[in-house]
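The block underneath contains the structure these notes are about, expressed in structure tokens.
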Amino acid sequence: MTNQTQNWIEKDRKQLHPVYHPKTHANPMVIEKGEGVWLHLTDGRKILDAMAGLWNVNVGYGREELAKVAYDQMKDLAFTSNFSGMTNLPSIQLAEKMAGFAYEGLNSTLFTSGGSEANDSAFKTARYYWKRKGKPTKYKVVARKGAYHGVTIGTTFATGLEKYHTMFGPAPEGYVHIPAPNPYRYDGKLKDGETVGQAAARELEEAILREGADTVAAFIAEPVMGVGGVIVPPSDYFPLVRQICDKYEVLLIADEVITGFGRTGEWFALKHWNVKPDILSFAKAITSGYAQLGGIQISDEIRDTMESAADTEAYMHGYTYSGHAMSCAVGLKNIEIMERENYPQRARELGKRLLDGLKSLSEFPFVGDVRGLGLVCGVEIVSDKAAKTADPAMTMRVFKAAEERGLRSRPLGNTLAFSPPLSINEEEVDEIVKRLGAAMDGIG
Ligand SMILES: Cc1ncc(COP(=O)(O)O)c(C=O)c1O
């Protein structure tokens, strides 16, 4: 490492980084360039980024087309207010592109700067909707244990991971958690003859009945849980969830901040099970990380309730950067690239290759489970295969050994996640498996 880099790392100590702890930031990687799936560090190392940044850089690093579109748009108009009464062309064009693109009947988009704001907007929009429908007591949100929905106060406590709550309580009222449909280690109760999907869906019905259907506004779920350990649900789960939401008048919010834009092998992931949400949250890959952007899409039914609102019932929600002109222009071009390069199909084909490759590592005594959907995979590390004993310490060892071999994955509890750019090629997929295998071999 050069003295200059060391100097910057010293100065970096003044910055407060996300999810900060002095131990985890003692020796940060300083990244100065990205090309395709590769990251170049200031110390000369080259790393295969098998996490696509934070699950978001779908088109890979260094796309000149996106740089150009950002430059051109900034030159003409980087930003205007998008508050009611003003708009700009890129935000109109991107909202138009998104209309019906993810799901039929979701035609109306509110833009945000990222995923937390998107989910917070989804919760507020659910509350707004029920007030407009004359049911103001419906405000609670049911979420799942292990879910990650962001870090605003609302989304922090919709998140079902304790460590995100510990230093930020007390929790606001109205967030309820139920077990997630984890086929490998389901932590709810299974009744005789019940599948995991049925049991986890029953938990939703029971939670709604326990809380009172007249108090529950929405159920939020990631189609494939990401930060909670890459949990792919059984195929009977979401169709049952949809039925239960309909039965009790509970809005279904799909948090597709990770799963959106081709990642799982469909443009949006609830399509795998023929299910449609009432509200969709998206972010991350809409710009492949080239600009900050997220948003929600709402059903035509929700949109219709807004059109007849009294003056005193305006939707007083939105952000300075909602509909940011440059970000929207980048988003539009990014979707064009993903369509041109046929990403859902790439994710299906290369995802199968990656999953097969990772499964070939199952012979290691500490590999408990390997799972995935499209190009998002998880390898769960255990100390005892039969007892499925989670082993986060061993997970960190494998993670570090892989990093020493130039492979960036992400340790999530006792699962290593892999979510590479969808622009990855066959050789690079094989390289992920080869480097992870060598890391595991090194540990023995
Ligand atoms: C499923 C899910 N929802 C929401 C978020 C929050 O998005 P952001 O970090 O852009 O606020 C994330 C971030 O990882 C996520 O994975």
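The values are calculated or read from the model by the stated rules, or taken from the named source; none is laboratory data. Predicted model, so just to flag it, every value in this text is computed and none were measured. Note that we place each Cβ from the backbone using ideal geometry, even for glycine, and neighbour counts take in every protein chain shown. These accessible areas exclude ligands, DNA and RNA; they are computed on the full protein's heavy atoms, side chains included. Shrake-Rupley method; radii C 1.70, N 1.55, O 1.52, S 1.80 Å.
Points to keep in mind about this one:
Conditions (1) of a type in the set (D, E, K, R); (2) touching a Leu at 6+ places or on another chain (Cβ under 8 Å); (3) in contact (Cβ under 8 Å) with a residue 60 or more places away in the chain; (4) farther than 30 Å from VAL69 by Cβ, marked per residue:
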position: SER91; (1), (2), (3), (4): no, no, yes, no
position: GLU96; (1), (2), (3), (4): yes, no, no, no
position: LEU106; (1), (2), (3), (4): no, yes, yes, no
position: GLY115; (1), (2), (3), (4): no, no, yes, no
position: THR137; (1), (2), (3), (4): no, no, yes, yes
position: VAL141; (1), (2), (3), (4): no, no, yes, yes
position: GLY146; (1), (2), (3), (4): no, yes, yes, yes
position: VAL176; (1), (2), (3), (4): no, no, no, yes
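- Of the residues screened, ALA147 is one that is within 16 Å of the ligand (Cβ to nearest atom), hydrophobic (A, V, I, L, M, F, W, C) and part of a loop (DSSP other than H, G, I, E, B).
- Scope region 288-338; condition closer than 28 Å to ARG132 by Cβ, among the hydroxyl-bearing types (Ser, Thr, Tyr) and not in a helix (DSSP H, G or I); matching residues: SER299, SER308, TYR315, TYR319, THR320, TYR321, SER322
- Selection of region 329-346 for residues being crowded, with 17+ Cβ neighbours inside 10 Å and more than 16 Å from the ligand (Cβ to nearest atom) yields ALA329, LEU332, LYS333, ILE335, ILE337, MET338, TYR343, PRO344, ARG346.
- Given (1) surrounded by 18 or more Cβ atoms within 10 Å (Cβ to Cβ); (2) within 28 Å of THR259 (Cβ to Cβ); (3) not aromatic (Phe, Trp, Tyr), index of the condition ALA401 fails: (2)
- Failed item in (1) surrounded by fewer than 23 Cβ atoms within 10 Å (Cβ to Cβ); (2) in a loop (DSSP other than H, G, I, E, B), with TYR128 passing the rest: (2)
- Screening TYR20 against (1) loosely packed, with under 12 Cβ neighbours inside 10 Å; (2) aromatic (Phe, Trp, Tyr); (3) closer than 30 Å to GLU301 by Cα leaves a single unmet condition, (3).
- Verdict on ALA387 being in contact (Cβ under 8 Å) with a residue 12 or more places away in the chain, among the aliphatic types (A, V, I, L, M) and open to solvent by less than 70 Å² (accessible area, probe 1.4 Å): no
- Every condition in (1) more than 25 Å from TYR148 (Cβ to Cβ); (2) in contact (Cβ under 8 Å) with a residue 60 or more places away in the chain is met by LEU412 except one, and the failing one is (1).
- Answer residue from region 55-80, given it is open to solvent by less than 40 Å² (accessible area, probe 1.4 Å) and assigned to a loop (DSSP other than H, G, I, E, B) and is nearest to THR109 (Cα to Cα) among those: THR80
- Just so you know, in region 236-283 the residues that are more than 28 Å from ASN342 (Cβ to Cβ) and part of a loop (DSSP other than H, G, I, E, B) include one that is nearest to the ligand (Cβ to nearest atom), and it is ASP278.
- Residue check, VAL19 part of a loop (DSSP other than H, G, I, E, B), within 16 Å of the ligand (Cβ to nearest atom) and out of contact with any Lys or Arg (no Cβ under 8 Å at 6 or more places or on another chain): yes
- Residue, nearest to the ligand (Cβ to nearest atom), within region 81-121, restricted to residues that are open to solvent by less than 40 Å² (accessible area, probe 1.4 Å) and assigned to a strand (DSSP E or B): THR112
- Selection within region 318-366 - closer than 30 Å to MET86 by Cα, of a type in the set (Ser, Thr, Tyr) and in contact with a Gly (Cβ under 9 Å, 6 or more places away or on another chain): SER322
- Qualifying position, being at pLDDT 95 or above, open to solvent by 10 Å² or more (accessible area, probe 1.4 Å) and over 30 Å from GLN93 (Cβ atoms), among GLU363, GLU301: GLU363
- Contact annotation: residue pairs with Cβ atoms under 7 Å, 6 or more positions apart or on different chains, pairing a residue in region 329-341 that is in contact (Cβ under 8 Å) with a residue 40 or more places away in the chain with a partner that is among the hydroxyl-bearing types (Ser, Thr, Tyr), are VAL330/THR287; VAL330/TYR290; GLY331/THR287; ASN334/THR287; ASN334/SER288; ASN334/TYR290; GLU341/SER423.
Condition check ((1) over 18 Å from HIS272 (Cα atoms); (2) open to solvent by 50 Å² or more (accessible area, probe 1.4 Å); (3) within 15 Å of the ligand (Cβ to nearest atom)) across all residues:
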position: LYS189; (1), (2), (3): yes, yes, no
position: GLU194; (1), (2), (3): yes, no, no
position: GLU211; (1), (2), (3): yes, yes, no
position: ILE220; (1), (2), (3): no, no, yes
position: GLY229; (1), (2), (3): yes, no, yes
position: PRO234; (1), (2), (3): no, no, no
